[in-house]
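One structure is given here, and the rest of the page talks about it.
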């Protein structure tokens, strides 16, 4: 099955190279929260693959279009304008201009028509075939709002296709029109949305820079409006000469003088004036707000209430953790754990019956089954956690959290927008770090990235659960809450220290659109959850699997390649013992603990699998019994604290390196976090030692 | 008058967006152009960011940013066709000097 799909993919790639003219690449772009992801999932069925846009940016998703050979679609990060404000904006702009997709599908939120169309007008300047997907048409119809689509199409000179991504309506037509537009290269006509002095300025600049734009391979109209706006990157790319720059300055100041405003305001004003005019021609509303907007206002009355907002936020987070760790997550985990135990004992008796060699028997049962099995049994908790985080993300609640918490976060030197990546960090640091791309300032981004790994990620769950079941069965909730709170407290303290040292800087602007609340499309939630489940299973059978085999091998043999009866004589013990002095002051000087910490760098789940292999425990009860021999309750807690805070796994490190542009930053983050982990663990151990 | 001084529930018309650089660009891109009607929706629980409503959507800005936005609170009820979330009609445009 897997092989055949791979073959198919290879074949497709080859065809892609052979008949390049037939292949169509579609780029979806629109405002944040306008349904682009849902549309992408509808078009691809949720399948993602690496593609031609993938190298330049890993926040752009790419996948094959269902039922259309040689057609791929890429979803660009959401943006309000092609001016470079956040990293997401820059990425979207780069891909459109340098990646040259065959056709742009501009997804427009029909309920936020004016704001959405501001981007549309800029996209039309790019000289790329384009279709407009007018989304949320179900809401429009529900509210009896009349859209004159024909008039809109005529005014914009591009096909306008009404769709409802969440209800899966109009997607087929959209794909059809997009492919047609790409085939016949129907570029939007130049519409004159500007008049008077702005028009004159654009016209004069166009004459002046035509050759330069051709040479730089940039669309002329786009260059002109960006020059009027004073956009630095475009000016740089065009590499204009001094006389030209002087003339441009003259043209622009002339325009500013006549309009009695400045260049940036002039362009924005022109575009919005055109849009308002267009909106009044094509839209007839029976009421000023839609039912969904009214509902949103009502919900906001509670969720961003002056007094209740903050308690509600903490309540929601507590509820999510309760579902993850206790009720739902617990039941599902228990069931799966039972299934795994049954399977392992079946394999065990099977191996004994067939008379397999003792080494092989030990490898399979004590190595692979113990390691991978112990990690896999935590799958349900991770699924539950991601399910709720996806719902939070898709419902529109996250921006409200940023709104409510902004002032609090600013006190510690962060912005309200940092809280969204931080919350995602409870699931997994990798997507969380990528989510920082929507933060406008580099200072905030770097600070947020450095702190995200302190938000205990779901991969550390198995570890906590393992120790809690061994030591703190009666205080499960308290210990779990203590660990999560400690992560938050440490990040707050670190943020405060950074604020007064490394990242001084001014408070950065906070401009955030609050989209209406929407019922999350179950398909999107399911897809995102499934993606994470897949990632987890993949990790269990690749990194964790290999790690367990290596660990089993290292602990079963000595330097002379003889199988040892006592793991204390093994190669691994020798390696682990080197690291022991480092952890002795923290109370867990056992070589098995230090070895587990080292293997945990590949993936945090590997800490559990390593402990399972090293203690030779094949089920949870046996593992608990073994742990009690190695740790005391205090050192167990210190060990959990250290695992919570110490350097992130390789996948996170690679992401940090990519997002912070260089190993230097990544190494600093590693040193910083490991130092913090050691210090905090030492404090906990020392203070705990006094009381106990 | 600047936007940060208005009480929740008040409507006003933007007369100028001061400040400079990326932030100003962002505000203009989101439609806070001169002549646009805005309404103060609410103030965040801890007193800082404010929520404003313009062009049919909700936007959150800090008071520091709002203080860069100059507004007039003329009585404009006659011009507005929207009771909850006002935005200026095309004929209301007053930006060209």
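Overview of values
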read-out: Residue that is buried (at least 20 other Cβ atoms within 10 Å of the Cβ), more than 10 Å from chain B (Cβ to nearest Cβ) and touching a residue at least 24 places away in the same chain (Cβ under 8 Å), where the choices are A:329, A:337; value: A:329
read-out: Candidate set: segment A:99-123, residues that are assigned to a helix (DSSP H, G or I) and more than 25 Å from residue B:21 (Cα to Cα); chosen: the one nearest to the chain's Cα centre (by Cα); value: A:99
read-out: Residue check, residue A:128 in contact with a strand residue (DSSP E or B) (Cβ under 9 Å, 6 or more places away or on another chain), part of a loop (DSSP other than H, G, I, E, B) and modelled with pLDDT of 90 or more; value: yes
read-out: Number of positions in segment B:65-75 that are part of a helix (DSSP H, G or I) and either more than 7 Å from chain A (Cβ to nearest Cβ) or at positive phi (or both); value: 1
read-out: Candidate set: segment A:167-196, residues that are modelled with pLDDT under 85 and over 15 Å from residue A:106 (Cβ atoms); chosen: the one surrounded by the most Cβ atoms within 10 Å (Cβ to Cβ); value: A:194
read-out: Qualifying position, being outside the structural domain of residue A:525 (by TED's automatic domain parsing), modelled with pLDDT of 50 or more and over 18 Å from the mean Cα position of the chain (by Cα), among A:5, A:37; value: A:5
read-out: Residue B:44 being in contact with a helix residue (DSSP H, G or I) (Cβ under 8 Å, 6 or more places away or on another chain), more than 7 Å from chain A (Cβ to nearest Cβ) and crowded, with 23+ Cβ neighbours inside 10 Å; value: no
read-out: Residue that is nearest to residue A:542 (Cα to Cα) [pool: residues in segment A:632-653 that are touching a helix residue (DSSP H, G or I) at 6+ places or on another chain (Cβ under 8 Å), outside any loop (DSSP other than H, G, I, E, B) and free of Cβ contacts under 8 Å to residues at least 60 places away in the same chain]; value: A:653
read-out: Listing of strands (runs of 3 or more DSSP E) fully contained in segment B:1-63 that carry 3 or more residues being on the phi > 0 side of the Ramachandran plot and touching a strand residue (DSSP E or B) at 6+ places or on another chain (Cβ under 8 Å); value: none
read-out: Positions within segment A:282-319 being surrounded by fewer than 16 Cβ atoms within 10 Å (Cβ to Cβ), within 11 Å of chain B (Cβ to nearest Cβ) and either modelled with pLDDT of 90 or more or within 22 Å of residue A:407 (Cα to Cα) (or both), in sequence order; value: A:301, A:305, A:306, A:307, A:308, A:311
read-out: Residue in segment A:161-183 that is over 35 Å from the mean Cα position of the chain (by Cα), in a helix (DSSP H, G or I) and within 28 Å of residue A:132 (Cα to Cα) present; value: no
read-out: Matching residues, segment A:40-62, being over 17 Å from residue A:431 (Cα atoms) and either modelled with pLDDT of 85 or more or surrounded by 22 or more Cβ atoms within 10 Å (Cβ to Cβ) (or both); value: A:40, A:41, A:42, A:43, A:44, A:53
read-out: Residues that are more than 7 Å from chain A (Cβ to nearest Cβ) and more than 10 Å from the chain's Cα centre (by Cα), drawn from segment B:47-63; value: B:50, B:63
read-out: Residue in segment A:371-388 that is surrounded by fewer than 24 Cβ atoms within 10 Å (Cβ to Cβ), within 14 Å of chain B (Cβ to nearest Cβ) and assigned to a helix (DSSP H, G or I) present; value: no
read-out: Segment A:601-625 - residue that is free of Cβ contacts under 8 Å to residues at least 60 places away in the same chain and assigned to a loop (DSSP other than H, G, I, E, B) and, of those, farthest from residue A:371 (Cα to Cα); value: A:601
read-out: Considering residues of segment A:246-267 that are without any contact (Cβ under 8 Å) to a residue 12 or more places away in the chain and in contact with a helix residue (DSSP H, G or I) (Cβ under 8 Å, 6 or more places away or on another chain) only, the residue farthest from residue B:28 (Cα to Cα); value: A:256
read-out: Unique residue being modelled with pLDDT of 90 or more and either more than 9 Å from every other protein chain (Cβ to nearest Cβ) or outside any helix (DSSP H, G or I) (or both) when the list is A:247, A:275; value: A:247
read-out: Scan of segment A:84-94 for residues that are surrounded by fewer than 21 Cβ atoms within 10 Å (Cβ to Cβ) and either away from chain B (no Cβ under 14 Å) or assigned to a strand (DSSP E or B) (or both), ordered by number; value: A:94
read-out: Qualifying residue in segment A:344-361 (condition: surrounded by fewer than 20 Cβ atoms within 10 Å (Cβ to Cβ), in a helix (DSSP H, G or I) and touching a strand residue (DSSP E or B) at 6+ places or on another chain (Cβ under 9 Å)); value: yes
read-out: Residues of segment A:132-146 classified as touching a strand residue (DSSP E or B) at 6+ places or on another chain (Cβ under 6 Å) and either exposed (fewer than 14 other Cβ atoms within 10 Å of the Cβ) or more than 13 Å from residue A:164 (Cβ to Cβ) (or both), total; value: 2
read-out: Residue that is farthest from residue A:292 (Cα to Cα), among those in segment A:505-519 that are more than 9 Å from chain B (Cβ to nearest Cβ) and modelled with pLDDT under 85; value: A:505
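Rundown of residues vs (1) under 30 Å from residue A:413 (Cα atoms); (2) without any contact (Cβ under 8 Å) to a residue 40 or more places away in the chain; (3) within 14 Å of another protein chain (Cβ to nearest Cβ), yes/no style:
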position: A:475; (1), (2), (3): no, yes, no
position: A:496; (1), (2), (3): yes, no, no
position: A:502; (1), (2), (3): yes, yes, no
position: A:521; (1), (2), (3): no, no, no
position: A:525; (1), (2), (3): no, no, no
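The values are calculated or read from the model by the stated rules, or taken from the named source; none is laboratory data. Nothing here was measured: the structure is a model prediction, and the numbers come from that model. Virtual Cβ from ideal backbone geometry, glycine too; neighbours counted across all protein chains shown.
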